[in-house]
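The values are calculated or read from the model by the stated rules, or taken from the named source; none is laboratory data. Just so it is clear, the model here is predicted, and its values are computed rather than measured. Cβ: placed from backbone, ideal geometry, glycine included. Neighbour counts: every protein chain shown.
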Amino acid sequence: MAGIYIHIPFCGQLCTYCDFHFSMSLRRKDEMIDALLAEMEQRKEYLSNKKIDTLYIGGGTPSLLSVKELGSLVSGVSKYWDISNLKEFTIETNPEDLSEEYLKDLLSLGVNRLSIGVQSFVDEYLKFMNRRHDAERALRCVKDAQKVGFKNISIDLIYGIPKLTDEQWRETLKKALSLNIQHLSAYHLTIEPKTVLGLRQRKGLFKQVDENISQSHYDILEKETHDAGFEHYEISNFSKNGLRAIHNGNYWKGIDYLGIGPSAHSFDGKSRRWNIANNTRYIEAMLNNGGEGGFEGENLTLSDHYNEYIMTMLRTIDGVSYDNLKERFGEVYAEYFLKNIEPFVSKGTIIEKDNNFSIKTADFLISDSVISNLFYINEND
């Protein structure tokens with residue numbers, strides 16, 4: 001199995017919390033599409049012996065592209081890789097872009113999973129985040145997507161927002177979960193230094209919420225999703241009826257993937273490559289230099305693999321199997337893991353069952369502090 005990710009580096013406006021790579025200018029959109037297609041041709045041997053089971057178009061805001069433009073990218077992928085049996089084809093979208101006609105065209109293109117950046121159902125906080133839609137539009141686009149035939153819809157929400165009350169967060173969740181969606185991604189607001197919120201925080205205009213509020217929001221999230229029949233399968237992700245995000249799940253399991261576009265990452269089981277996060281330089285590299293100068297990369301050591309595997313799998317309810325760990329990394333790493341995880345088992349933070357270790361979902365919020373104690377430092381790497 002393997003997956004393909006395409007990064008669309010354009011947005012309609014700057015969200016105050018966003019630290020992803022994008023441009024608000026569509027002036028070079030046509031050149032960017034040509035560059036994406038050129039990179040596909042240059043990397044057609046990547047994953048050539050793998051079955052492609054997921055395609056994910058993210059950003060940025062892919063729904064700023066017309067369906068014809070998106071179709072040209074899908075055709076480019078199908079020219080070099082067999083995508084006739086995709087398990088999942090996801091596109092990230094924003095509510096303001098999703099007319100019924102556009103949704104129907106996405107369905108005709110083969111998209112079978114929508115990820116909608118709702119973020120909040122409270123207009124006050126949508127304005128705080130500088131989103132282009134309001135709560136009414138967010139509700140309507142989900143219903144429109146269901147009306148035209150989408151049966152796998154995920155929405156993104158953000159909590160831990162300054163001044164967001166417990167009751168507002170509870171009502172936001174109830175509203176989201178009443179929409180008969182199949183998946184929810186809920187992220188705690190992180191204030192990155194190079195964002196609008198980062199600048200405002202440095203100016204003392206507001207403070208990040210304290211740990212007690214974060215924990216309260218998280219507890220509400222746990223309860224409301226559980227009561228609605230959702231499975232909390234990863235720290236920020238919840239699914240219903242078994243409809244987990246396959247593409248992202250493959251990332252966590254260490255399955256190979258190809259990333260196309262500026263700032264996109266690729267992994268082939270042995271090495272990692274990442275494209276430069278600069279649209280102009282990316283276009284120049286792909287269209288005029290055969291890709292040269294458009295990316296960097298590194299070979300991963302066994303310690304790198306082990307640490308990434310521990311970091312991603314312990315953020316899921318599947319956790320880490322000791323037997324699988326031993327088979328994959330050898331006895332030294334497996335015994336190191338066993339020795340260092342024991343204190344957390346004793347404290348009850350880690351659940352051990354049949355030689356499988358997982359963090360209690362109630363403690364997912366502090367998972368980083370657990371995981372960091374399990375990293376293997378090999379001075380010979």
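Restricting attention to segment 10-39, the residues being surrounded by fewer than 23 Cβ atoms within 10 Å (Cβ to Cβ), at pLDDT 95 or above and in contact with a strand residue (DSSP E or B) (Cβ under 8 Å, 6 or more places away or on another chain) number 1.
Residues checked against (1) assigned to a helix (DSSP H, G or I); (2) touching a strand residue (DSSP E or B) at 6+ places or on another chain (Cβ under 6 Å):
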position: E101; (1), (2): yes, no
position: D105; (1), (2): yes, no
position: L114; (1), (2): no, yes
position: G117; (1), (2): no, yes
position: F121; (1), (2): no, no
position: Y125; (1), (2): yes, no
position: H133; (1), (2): no, no
position: R137; (1), (2): yes, no
position: V142; (1), (2): yes, no
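Among the residues of this structure, D156 counts as one that is at pLDDT 95 or above, outside any loop (DSSP other than H, G, I, E, B), acidic (D, E) and closer than 20 Å to H247 by Cβ.
To keep it simple, each residue is scored yes or no on (1) touching a Phe, Trp or Tyr at 6+ places or on another chain (Cβ under 6 Å); (2) polar (S, T, N, Q); (3) not assigned by TED's automatic domain parsing to the domain that holds I366.
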site	(1), (2), (3)
G319	yes, no, no
D323	no, no, no
E327	no, no, no
G330	no, no, no
E335	no, no, no
L338	no, no, no
F344	no, no, no
T349	no, yes, no
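Take G291 and tell me if it is out of contact with any Leu (no Cβ under 9 Å at 6 or more places or on another chain) and on the phi > 0 side of the Ramachandran plot. So G291 fits the description; yes. Taken over segment 170-189, the criterion of being outside any strand (DSSP E or B) and within 22 Å of the chain's Cα centre (by Cα) is satisfied by T172, L173, A176, L177, L179, N180, I181, Q182, L189.
Within segment 199-217, can one find any residue that is free of Cβ contacts under 8 Å to residues at least 40 places away in the same chain, assigned by TED's automatic domain parsing to the domain that holds G58 and either within 15 Å of Y125 (Cα to Cα) or within 23 Å of the chain's Cα centre (by Cα) (or both)? Checking segment 199-217: not a single residue is free of Cβ contacts under 8 Å to residues at least 40 places away in the same chain, assigned by TED's automatic domain parsing to the domain that holds G58 and either within 15 Å of Y125 (Cα to Cα) or within 23 Å of the chain's Cα centre (by Cα) (or both). Within segment 109-145, the only residue that satisfies the criterion of being more than 24 Å from G242 (Cα to Cα), among the small types (G, A, S) and surrounded by fewer than 23 Cβ atoms within 10 Å (Cβ to Cβ) is A135. For segment 304-322, taking the residues that are closer than 24 Å to H232 by Cβ and aromatic (F, W, Y), the one that is surrounded by the fewest Cβ atoms within 10 Å (Cβ to Cβ) is identified as Y322. Say we look at segment 40-63 and pick out the residues that are under 30 Å from C15 (Cα atoms), modelled with pLDDT of 95 or more and not hydroxyl-bearing (S, T, Y); which of these is nearest to the chain's Cα centre (by Cα)? Checking each candidate, the answer is G58. Please verify whether Y80 is of a type in the set (S, T, Y) and under 27 Å from M24 (Cβ atoms), treating the condition exactly as stated. Against the criterion (of a type in the set (S, T, Y) and under 27 Å from M24 (Cβ atoms)), Y80 does not qualify. Here segment 263-295 is the region considered, the condition is being among the polar types (S, T, N, Q) and within 22 Å of the chain's Cα centre (by Cα), and the residue that is surrounded by the most Cβ atoms within 10 Å (Cβ to Cβ) is N275. Residues in segment 345-368 that are assigned to a helix (DSSP H, G or I) and either β-branched (V, I, T) or closer than 19 Å to H232 by Cβ (or both): V345, T361, A362, D363, F364, L365, I366, S367, D368. Residues that are assigned to a helix (DSSP H, G or I) and out of contact with any helix residue (DSSP H, G or I) (no Cβ under 6 Å at 6 or more places or on another chain) were ranked within segment 37-68; the one that is nearest to E92 (Cα to Cα) is P62. Against the condition exposed (fewer than 15 other Cβ atoms within 10 Å of the Cβ) and within 23 Å of Y251 (Cβ to Cβ), how does T301 come out, does it pass? Considered against the rule, which asks whether it is exposed (fewer than 15 other Cβ atoms within 10 Å of the Cβ) and within 23 Å of Y251 (Cβ to Cβ), T301 comes out as yes.
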